[in-house]
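J.: Input: one structure, supplied below.
The values are calculated or read from the model by the stated rules, or taken from the named source; none is laboratory data. Keep in mind the model is a prediction, meaning the values are calculated, not measured. Counting neighbours? That spans all protein chains shown, and the Cβs are built from the backbone with ideal geometry, glycine included. Ligands, DNA and RNA are stripped out before the accessible areas are found, and what is left, the full protein with its side chains, is counted by its heavy atoms. Shrake-Rupley method; radii C 1.70, N 1.55, O 1.52, S 1.80 Å.
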Amino acid sequence: MATNYATVTWDQLHRDARQLAEILIPRGPFKGIVAVTRGGLIPAAIIAREIDCRLIETISVVTYDEEEQGLPTVLKSPVAAGDGEGFLIIDDLVDSGVTAQIVRQLLPKALFACLYAKPSGKPLTDLFVVEVPQETWVLFPWDTAPLFIPPLARKGSTAG
């Protein structure tokens, strides 16, 4: 289990996705994008807009149950992408590289890009924006929720 947590805000995610898109533009045009679900869906949508790509396919690979890694299973293959030629794979994070290995085997000719990369998975991606320490668990905006916190003046005040 991770020993540290890093929270990515919606604003930071958007900035990082746009930065990745800027790096990707000279490498295009791309026939389409393959978003690795679920984490790659939102970055793929942002990047698709920025690079003016309309075709978005998905691949669904399950490797985690909460924070425990299990056996990888492909729930949905990216049929429209063929062997990946001319396609861009987008994910939020490459961690251990288990998902990336499976996606790479299915789409060997695609360019693999992600927002964040940990050292174990870094060799499996072609491009990323931010390196994250291996022991850090990244909390994405869709994993967290803002909560109301009452003002300090209301907290346990018995004075009147």
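J.: Restricting attention to the range 111-128, which residues are within 17 Å of LEU41 (Cβ to Cβ) and out of contact with any Ser or Thr (no Cβ under 6 Å at 6 or more places or on another chain)?
T.: Matches in the range 111-128: ALA113, LEU115, TYR116.
J.: Would you pick out the residues in the range 110-160 that are of a type in the set (Phe, Trp, Tyr), within 12 Å of the chain's Cα centre (by Cα) and assigned to a strand (DSSP E or B)?
T.: Within the range 110-160, PHE112, TYR116, PHE128 meet the criteria.
J.: Still on this structure: Take the conditions within 22 Å of PRO133 (Cα to Cα) and at pLDDT 95 or above and apply them to GLN12. Does it pass?
T.: So GLN12 passes the test.
J.: Considering only the range 94-109, state which residues are open to solvent by 30 Å² or more (accessible area, probe 1.4 Å) and assigned to a loop (DSSP other than H, G, I, E, B).
T.: SER96, PRO108, LYS109
J.: On to the next question. Looking at the range 45-62, I want the residues that are over 15 Å from LYS31 (Cβ atoms) and among the basic types (Lys, Arg) and have a partner that is open to solvent by 30 Å² or more (accessible area, probe 1.4 Å) and in a strand (DSSP E or B) with Cβ atoms under 6 Å, at least 6 apart or on another chain. Which pairs are those?
T.: none
J.: Going residue by residue through the range 95-102, is there one that turns out to be out of contact with any helix residue (DSSP H, G or I) (no Cβ under 8 Å at 6 or more places or on another chain), charged (D, E, K, R), within 24 Å of THR9 (Cα to Cα) and without any contact (Cβ under 8 Å) to a residue 24 or more places away in the chain?
T.: No, the conditions are met nowhere in the range 95-102.
J.: Would it be correct to say that GLU131 is among the acidic types (Asp, Glu), closer than 15 Å to ALA6 by Cβ and touching a residue at least 40 places away in the same chain (Cβ under 8 Å)? Don't jump to the end; show me each part of the working.
T.: Values: among the acidic types (Asp, Glu): yes; closer than 15 Å to ALA6 by Cβ: yes; touching a residue at least 40 places away in the same chain (Cβ under 8 Å): no.
For GLU131, the condition - among the acidic types (Asp, Glu), closer than 15 Å to ALA6 by Cβ and touching a residue at least 40 places away in the same chain (Cβ under 8 Å) - is not met.
J.: Suppose the filter is under 17 Å from GLN12 (Cα atoms), touching a residue at least 24 places away in the same chain (Cβ under 8 Å) and of a type outside the set (A, V, I, L, M, F, W, C); does THR144 pass it?
T.: Values: under 17 Å from GLN12 (Cα atoms): yes; touching a residue at least 24 places away in the same chain (Cβ under 8 Å): yes; of a type outside the set (A, V, I, L, M, F, W, C): yes.
So THR144 fits the description; yes.
J.: Something else: I want to confirm something. Restricting to the range 49-73 and keeping residues that are more than 24 Å from GLU131 (Cβ to Cβ), under 17 Å from the mean Cα position of the chain (by Cα) and of a type in the set (A, V, I, L, M, F, W, C), which single residue is modelled with the highest pLDDT?
T.: Checking each candidate, the answer is ILE56.
J.: Consider only pairs whose beta carbons are under 8 Å apart and that are at least six residues apart or on different chains; among these, list those whose first residue lies in the range 24-41 and is within 17 Å of HIS14 (Cβ to Cβ) and aromatic (Phe, Trp, Tyr) and whose second residue is open to solvent by less than 100 Å² (accessible area, probe 1.4 Å) and modelled with pLDDT of 95 or more.
T.: Within 8 Å, no pair qualifies.
J.: Additional query: Starting from the range 7-19, take each residue that is open to solvent by less than 100 Å² (accessible area, probe 1.4 Å) and in a helix (DSSP H, G or I) and list its partners that are at pLDDT 95 or above and charged (D, E, K, R), counting only C-beta distances under 9 angstrom and pairs at least six apart or across chains.
T.: Final answer for the pair search is LEU13/ASP92; ALA17/GLU50.
J.: Please enumerate the residues belonging to the range 75-84 that are at negative phi and touching a Leu at 6+ places or on another chain (Cβ under 9 Å).
T.: Once the filter is applied, which keeps residues that are at negative phi and touching a Leu at 6+ places or on another chain (Cβ under 9 Å), the range 75-84 yields SER77, PRO78, ALA80, ALA81, ASP83.
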